[in-house]
Structure formats: C-alpha cells, structure tokens
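**Student:** Quick one: the structure is below, questions incoming.
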Amino acid sequence: MSEHDSRWMYRQVIDDMVVSCSGAGQVSAERIRVGVWNDNAAPDDLRQTALNRLVAGLDADQRDALAVVLAEEFASGMFNALEVLQAAQLEPFRVGYDGDPSDDFLGRLDGWSWPEDGSARG
C-alpha cells in the first residue's frame, strides 16, 4: 500500500468513527431520551424490562443527562480503540496529523478539517 493510500485509509477510518458517533453511537442515547429502552422487550426478559422501568422513572433532565453520558462513552470507545491501534504501531495509525490518531479523531468530532497537503506530522 502506498503512503497516499495509507493516509487515505487513515482518514476514512477516522471519519467513519466520527460518523458512527452521530449514528450508531446515538442509538442508546435516543432510547434514553424518549424514555423507553426497548419497546419490544419480552415480559420474561428481565434485563430489558428492568431497563424500561428504570428509564421510564427518570424525568426529562435526568434522561438527557444519562443520554449524554452514553453518547460520550461511545465516542470514548472509539478514542480508546485508536489509542490501542497506535500503541500496537499498526499502519496507518502510527502517526497522526495533529498529534496522535486519537487527537485527530477528537478534532474531527469538533469539526477540524484534514490538512490540504495530506502530510502527517511527526
């Protein structure tokens, strides 16, 4: 794989992680916000029905606070995965553009743009 392909893949993976944070990473948060963990929980599924009761017992502010925590934890998992990939020195995660790959991920979450020239720092 060429350096150009490697950097393209790096950007794609990080951008896919960012998109996941606003897609799949919001599923649990949205369940909490609407006040129903699993609308299709079987009565004998004790875990799901307990979660439904728990969420239903929270007021809107409590549900919102818990939803924020769940969404942040999803993003934290992405951050930690990038830390592991870099520590393992796996290509293309050995070096980031603006610090470590996990820093690039956080930057992209905050709307930071990739460098125009495509060069990595370090």
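**Student:** Please state which of the following conditions ASN40 fails to meet, knowing it meets all the rest: (1) under 22 Å from the mean Cα position of the chain (by Cα); (2) without any contact (Cβ under 8 Å) to a residue 12 or more places away in the chain.
**Tutor:** With respect to (1) under 22 Å from the mean Cα position of the chain (by Cα); (2) without any contact (Cβ under 8 Å) to a residue 12 or more places away in the chain, ASN40 is out only on (1).
**Student:** Are any residues in the range 1-54 hydrophobic (A, V, I, L, M, F, W, C), under 30 Å from LEU85 (Cα atoms) and exposed (fewer than 13 other Cβ atoms within 10 Å of the Cβ), and if so, which ones?
**Tutor:** First pass over the range 1-54, keeping only residues hydrophobic (A, V, I, L, M, F, W, C): 1, 8-9, 13-14, 17-19, 21, 24, 27, 29, 32, 34, 36-37, 41-42, 46, 50-51, 54.
Now restrict to residues that are under 30 Å from LEU85 (Cα atoms): 1, 8-9, 13-14, 17-19, 21, 24, 27, 29.
Those that are hydrophobic (A, V, I, L, M, F, W, C), under 30 Å from LEU85 (Cα atoms) and exposed (fewer than 13 other Cβ atoms within 10 Å of the Cβ): MET1, VAL19, ALA24, VAL27.
**Student:** Tell me whether the range 30-40 contains one or more residues that are of a type outside the set (D, E, K, R), assigned to a helix (DSSP H, G or I) and out of contact with any Gly (no Cβ under 8 Å at 6 or more places or on another chain).
**Tutor:** First pass over the range 30-40, keeping only residues of a type outside the set (D, E, K, R): 32, 34-38, 40.
This time we only want the ones that are assigned to a helix (DSSP H, G or I), so: 32, 34.
Still in the running and out of contact with any Gly (no Cβ under 8 Å at 6 or more places or on another chain): 32, 34.
So far as the range 30-40 goes, yes, one or more of its residues are of a type outside the set (D, E, K, R), assigned to a helix (DSSP H, G or I) and out of contact with any Gly (no Cβ under 8 Å at 6 or more places or on another chain).
**Student:** Within the bounds of the range 70-88, is there any residue that is in a loop (DSSP other than H, G, I, E, B) and more than 14 Å from TYR10 (Cβ to Cβ)? Please lay out each step first, then the result.
**Tutor:** Our first condition is that a residue be in a loop (DSSP other than H, G, I, E, B); within the range 70-88, this holds for 88.
With the extra rule that they be more than 14 Å from TYR10 (Cβ to Cβ), the set shrinks to 88.
Looking for residues that are in a loop (DSSP other than H, G, I, E, B) and more than 14 Å from TYR10 (Cβ to Cβ), one finds at least one in the range 70-88, hence yes.
**Student:** So, in the range 1-44, exactly how many residues are of a type in the set (Ser, Thr, Tyr) and farther than 20 Å from PRO115 by Cβ?
**Tutor:** We begin by selecting, within the range 1-44, every residue of a type in the set (Ser, Thr, Tyr); these are 2, 6, 10, 20, 22, 28.
Adding the requirement that they be farther than 20 Å from PRO115 by Cβ leaves 20, 22, 28.
Looking only at that region, the number is 3.
**Student:** Mind checking which residues of the range 38-90 are closer than 15 Å to LEU106 by Cα and charged (D, E, K, R)?
**Tutor:** Of everything in the range 38-90, those that are closer than 15 Å to LEU106 by Cα and charged (D, E, K, R) turn out to be GLU72, GLU73, GLU83.
**Student:** Next up: Residue pairs, Cβ under 9 Å, 6 or more apart or interchain, first in the range 1-25 and within 20 Å of GLY99 (Cβ to Cβ) and part of a helix (DSSP H, G or I), second polar (S, T, N, Q) and at pLDDT below 95. List them.
**Tutor:** So the pair list comes out as ARG7/SER119.
**Student:** Return the pairs, sorted by first residue and then second, in which the second residue is modelled with pLDDT under 95 and assigned to a helix (DSSP H, G or I), the first residue lies in the range 72-99 and is crowded, with 16+ Cβ neighbours inside 10 Å and β-branched (Val, Ile, Thr), the beta carbons are less than 9 Å apart, and the residues are 6+ apart or on different chains.
**Tutor:** Going by the 9 Å Cβ cut-off, there are no qualifying pairs.
**Student:** Using the structure shown, decide if GLU83 is within 29 Å of ILE32 (Cα to Cα), out of contact with any Gly (no Cβ under 6 Å at 6 or more places or on another chain) and charged (D, E, K, R).
**Tutor:** On the way: within 29 Å of ILE32 (Cα to Cα): yes; out of contact with any Gly (no Cβ under 6 Å at 6 or more places or on another chain): yes; charged (D, E, K, R): yes.
Answer is yes for this residue.
**Student:** Output the residues belonging to the range 43-71 that are free of Cβ contacts under 8 Å to residues at least 24 places away in the same chain and among the acidic types (Asp, Glu).
**Tutor:** Scanning the range 43-71 gives ASP44, ASP45, ASP59, ASP61.
The values are calculated or read from the model by the stated rules, or taken from the named source; none is laboratory data. This structure is a prediction, so every number in the text was calculated from the model and none was measured. As a convention, Cβ positions derive from the backbone with ideal geometry for all residues, glycine included, and neighbour counts pool all protein chains shown.
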